[in-house]
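Below: the structure, in structure tokens.
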Amino acid sequence: MKVLLESQLGTVPKIGRGKVRDLYSIGDALLLVATDRISAFDHILGSGIPGKGKILTQISLFWFELLADIVTNHLISADVHEFPSELQPFADQLEGRSMLVKRAEMFPVECVARGFLAGSGWKEYLGSQSVCGISLPAGLQDGSRLPEPIFTPATKSQDSSHDENISFDVMQSAVNREDALELKRLTLALYNRAAAHAEKQGLILADTKFEFGRVNGKIILTDEVLTPDSSRFWDAALWKPGGAQPSFDKQFVRDYLESIRWNKQAPAPALPDDVVERTQAKYLEAFRKLTGRELVL
Ligand SMILES: Nc1ncnc2c1ncn2[C@@H]1O[C@H](COP(=O)(O)OP(=O)(O)OP(=O)(O)O)[C@@H](O)[C@H]1O
Ligand SMILES: [Mg+2]
């Protein structure tokens, strides 16, 4: 299968390009196109992973359905045949990897839930025995399960490598109190449902990030949800607190980049074929484990 590194939709206005997704404006709606780009250590790498954008999109769609009774989401359609006529010439490119969504007025916070200590949560804990102002018991390790899942909001910076954890009080000054409480409630409810599902399938959902917005006065769930790009998934069988846990999807990539001693400055290197193939297999395995289905790319 061919790799799609950049979507090309002719004169359709492209309004954003994230590390992985291209964003287009379609009247009142938005089109999110997940490419096959992959990032590591905050850089887009020189190679893509064929089909990764499709796998991620299909994972998000699975979760939108599973979580639909907790909160309404932004999805209008992921069926290219239902997309507006201006997009039909690009059907081949868009198939399986794109979502037409309601354009929302976004809340300027990343809504993170953590059930385990890792990443920036672990770093903060080491300094203050707390995360986002929430005190935690002494003696936890990198990778430990928390006594209960916690809500740890972060600012949404233009450059996502500099997202900053904030306390609930600071969040309340960016968003009003009523909304902040509701976003916290929704985030923890979504995390709990998803983590319980993942656990049944042999995966740990260590943490995840949601984004919410408002449409016609109502809070809705937006963006991608519970993909390996927005979440930390670990293989439950390999979980062993006391150090960084292997990443379910990107470990081969990280190991390779460490092995060549890349200095983590641009330009990011390309990946050898075997690392690409093994990583694609991990994304497909994540899809299979989470959904119980096989994805044919
Ligand atoms: N329904 C929606 N309405 C409006 N904006 C949305 C909606 N869903 C997602 N977004 C926004 O679209 C953008 C998607 O971009 P994307 O996640 O690809 O890149 P990014 O967040 O800029 O960078 P990164 O690649 O680090 O995530 C985000 O800014 C997200 O907040
Ligand atoms: Mg993003």
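Taking one quarter of the surface of the C-alpha convex hull of the stretch 1-103 gives a mean projected area of 7.1 nm². Contact order, relative form, for the chain: 20 percent (alpha carbon pairs under 8 Å, 6 or more residues apart, mean separation divided by residue count). Charge tally around ASP42: other residues with Cβ under 14 Å, Lys/Arg +1 each, Asp/Glu -1 each, net +2. Were the residues from THR155 through VAL170 laid out at 0.36 nm apart, the gain over their Cα-Cα distance would be 4.4 nm. Given axes a ≥ b ≥ c from the Cα gyration tensor, I'd like to know whether the stretch 202-297 is rounded (a/c under 1.5), prolate (a/b larger than b/c) or oblate. Prolate shape, in that a/c is at least 1.5 and a/b is the bigger ratio. Taking each residue as 0.36 nm, the span from GLN129 to ASP42 lengthens on full extension beyond its C-alpha to C-alpha distance by 28.7 nm. For the stretch 252-257, putting each phi into the Karplus relation 6.51 cos²θ - 1.76 cosθ + 1.60 with θ = phi - 60° gives couplings of 4, 5, 5, 4, 5, 5 Hz, in residue order, rounded to whole numbers and with x for Gly and Pro. Here the sum of -39500 (n - 2.57) over DSSP H runs of 4 or more residues, divided by the residues of the chain, equals -9500 deg cm²/dmol at 222 nm, to the nearest 500. Per-residue Karplus couplings for the stretch 61-78, computed as 6.51 cos²θ - 1.76 cosθ + 1.60 with θ equal to phi - 60°, are listed in order as 4, 4, 5, 3, 5, 5, 9, 4, 7, 7, 7, 5, 10, 7, 5, 9, 6, 10 Hz, Gly and Pro entered as x. Residue ranges 68-79, 47-58 sort as 47-58, 68-79 when ordered by packing (mean number of other C-beta atoms within 10 Å per residue, highest first). Between ARG293 and ARG193, the contour length at 0.36 nm per residue exceeds the alpha carbon distance by 34.1 nm. Ignoring aspartates and glutamates fewer than eight residues from LYS2 along the same chain, the ones with Cα atoms less than 19 angstrom from its Cα are ASP22, ASP36, ASP92, GLU95, ASP273, ASP274, GLU277. If you take the square roots of the eigenvalues of the alpha-carbon gyration tensor of the stretch 105-238 and sort them as a ≥ b ≥ c, do you get rounded (a/c under 1.5), prolate (a/b over b/c) or oblate? Oblate is the answer for the stretch 105-238, as a/c is 1.5 or above yet b/c matches or exceeds a/b. The string of couplings for the stretch 143-156 from the Karplus curve (6.51, -1.76, 1.60, θ = phi - 60°) is x, 5, 6, 7, x, 8, x, 10, 9, 10, x, 9, 6, 9 Hz, one whole number per residue in order, with x for Gly and Pro. For the chain, the Kirkwood estimate of hydrodynamic radius, built from reciprocal distances between every pair of different alpha carbons, is 19.9 Å. Please list, by residue number, everything in the stretch 21-43 whose backbone N is under 20 Å from a paramagnetic label point 7 Å out along Cα→Cβ of LEU238. Correct set: 38-42. Cross-link partners for LYS102 among the lysines, with Cα-Cα distance under 24 Å and sequence neighbours closer than 8 places in the same chain left out: LYS14, LYS19, LYS52, LYS54, LYS156, LYS184, LYS209, LYS218.
Bear in mind that the values in this text are calculations on the coordinates, not laboratory data. Everything numeric in this text was worked out from a predicted model, so none of it was measured. So basically every Cβ, Gly included, is an ideal-geometry build from the backbone, and we count neighbours across all protein chains shown.
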